[in-house]
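The values are calculated or read from the model by the stated rules, or taken from the named source; none is laboratory data. These figures come from a predicted structure and were not determined experimentally. Virtual Cβ from ideal backbone geometry, glycine too; neighbours counted across all protein chains shown. In case anyone asks, the SASA skips ligands and DNA or RNA and just uses the protein heavy atoms, side chains included. Shrake-Rupley method; radii C 1.70, N 1.55, O 1.52, S 1.80 Å.
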Amino acid sequence: MSVVDFANVIDEMTRRITENPLSDVTFAGALRFQFQAGRKRLNERKFFETIRAVPVADAEPVIKALRDLLISYGDAARRHATECPGDRLMSGTDDHAPAALSEAALSLATLDNGSAAALRVWFRTVDQEHDSFAAEKVFPAYAARTGFLGVEALRFGIWFFLNQWQTVSFEQSWLGLFDVASRTIAPEMFARIAWEEACLVANDEARADEAAQLSDYLDRLTGQIGNTEWGNAAADQLRKLERLP
């Protein structure tokens, strides 16, 4: 199959999600796809492993299709959650299956420097309390792809950090997120970005930690950025922003 063929298959996944209620294309709380390639049948994991092997230089059609898929699924999942409160869809029916379209999200994070917007939409469908795939697989793939270089990547990293309330294997370093920030942007700019993302998380009705307030998220940030000249300047600026009416 060519890259265009892969993109067409992903577009067909998107079509099925957007043209039908999710309750019509799921079974026992699972949204999963099977793929036919000649006489060979592939499950989602095998199909997206093949996608992740596409050279990045050739991957533009697949990247666009994956972005559309995750955004469309996120929108459909929000509607589904309104109709069926508490029903989070998984990629399989066993107890350890990750969230629906986890392999697609991993593929986009692996291939696409500009995947942040689509990944935000998908991450909000994940049940963090019971599913570590997003944190332990997808976010590290994003970190490896982008190196958190650029404002969009830093914003997404900070947003994820504030949303992640479970223990993760990279908790001590956050995969270099705050180190990159200290080397690439001024502390005042970091504080402004962090403040804006903290406000988004605090005002998100779908967040995991419903008891947390804006001040709690700002405390998490100031506790992470370190006792350095840059870190102290960023923390001071965050405190100034917190005091604004």
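Structure data summary
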{"read-out": "Residues located in segment 144-158, provided they are of a type outside the set (Val, Ile, Thr), in a helix (DSSP H, G or I) and open to solvent by 20 Å² or more (accessible area, probe 1.4 Å)", "value": "Ala144, Arg145, Glu152, Arg155"}
{"read-out": "Matching residues in segment 81-111 - criterion: being more than 19 Å from Gln34 (Cβ to Cβ), open to solvent by 10 Å² or more (accessible area, probe 1.4 Å) and not charged (D, E, K, R)", "value": "Ala81, Thr82, Cys84, Pro85, Gly86, His96, Thr110"}
{"read-out": "Members of segment 1-58 found to be hydrophobic (A, V, I, L, M, F, W, C) and in contact with a Gly (Cβ under 8 Å, 6 or more places away or on another chain), listed by number", "value": "Ala30"}
{"read-out": "Matching option when the condition is open to solvent by less than 70 Å² (accessible area, probe 1.4 Å), under 23 Å from the mean Cα position of the chain (by Cα), more than 18 Å from Tyr142 (Cα to Cα) and of a type in the set (A, V, I, L, M), among Leu66, Leu31", "value": "Leu31"}
{"read-out": "Test result for Ser2, farther than 20 Å from Gly92 by Cβ, exposed (fewer than 14 other Cβ atoms within 10 Å of the Cβ) and not basic (Lys, Arg)", "value": "yes"}
{"read-out": "Residue check, Lys46 open to solvent by 70 Å² or more (accessible area, probe 1.4 Å) and over 18 Å from the mean Cα position of the chain (by Cα)", "value": "yes"}
{"read-out": "Residue check, Val138 out of contact with any Pro (no Cβ under 6 Å at 6 or more places or on another chain), open to solvent by less than 10 Å² (accessible area, probe 1.4 Å) and among the β-branched types (Val, Ile, Thr)", "value": "yes"}
{"read-out": "From the options Lys240, Lys137, residue that is within 29 Å of Asp87 (Cα to Cα), in contact with a helix residue (DSSP H, G or I) (Cβ under 9 Å, 6 or more places away or on another chain) and at pLDDT 90 or above", "value": "Lys137"}
{"read-out": "Qualifying residue in segment 177-187 (condition: under 26 Å from Asn113 (Cα atoms), among the basic types (Lys, Arg) and assigned to a helix (DSSP H, G or I))", "value": "yes"}
{"read-out": "Extreme residue, nearest to Ser132 (Cα to Cα), among residues of segment 161-176 that are in a loop (DSSP other than H, G, I, E, B) and either in contact (Cβ under 8 Å) with a residue 60 or more places away in the chain or of a type outside the set (Val, Ile, Thr) (or both)", "value": "Gln166"}
{"read-out": "Any hit, segment 112-130, residues being open to solvent by less than 20 Å² (accessible area, probe 1.4 Å), free of Cβ contacts under 8 Å to residues at least 60 places away in the same chain, within 20 Å of Arg52 (Cβ to Cβ) and in contact with a Pro (Cβ under 9 Å, 6 or more places away or on another chain)", "value": "yes"}
{"read-out": "Qualifying residues in segment 205-223 (those that are modelled with pLDDT of 80 or more and open to solvent by 60 Å² or more (accessible area, probe 1.4 Å)) - the one nearest to Arg183 (Cα to Cα)", "value": "Gly223"}
{"read-out": "Candidates Ala153, Ala186, Ala181, filtered to the one that is out of contact with any Phe, Trp or Tyr (no Cβ under 6 Å at 6 or more places or on another chain), closer than 22 Å to Asn232 by Cβ and either aliphatic (A, V, I, L, M) or free of Cβ contacts under 8 Å to residues at least 60 places away in the same chain (or both)", "value": "Ala186"}
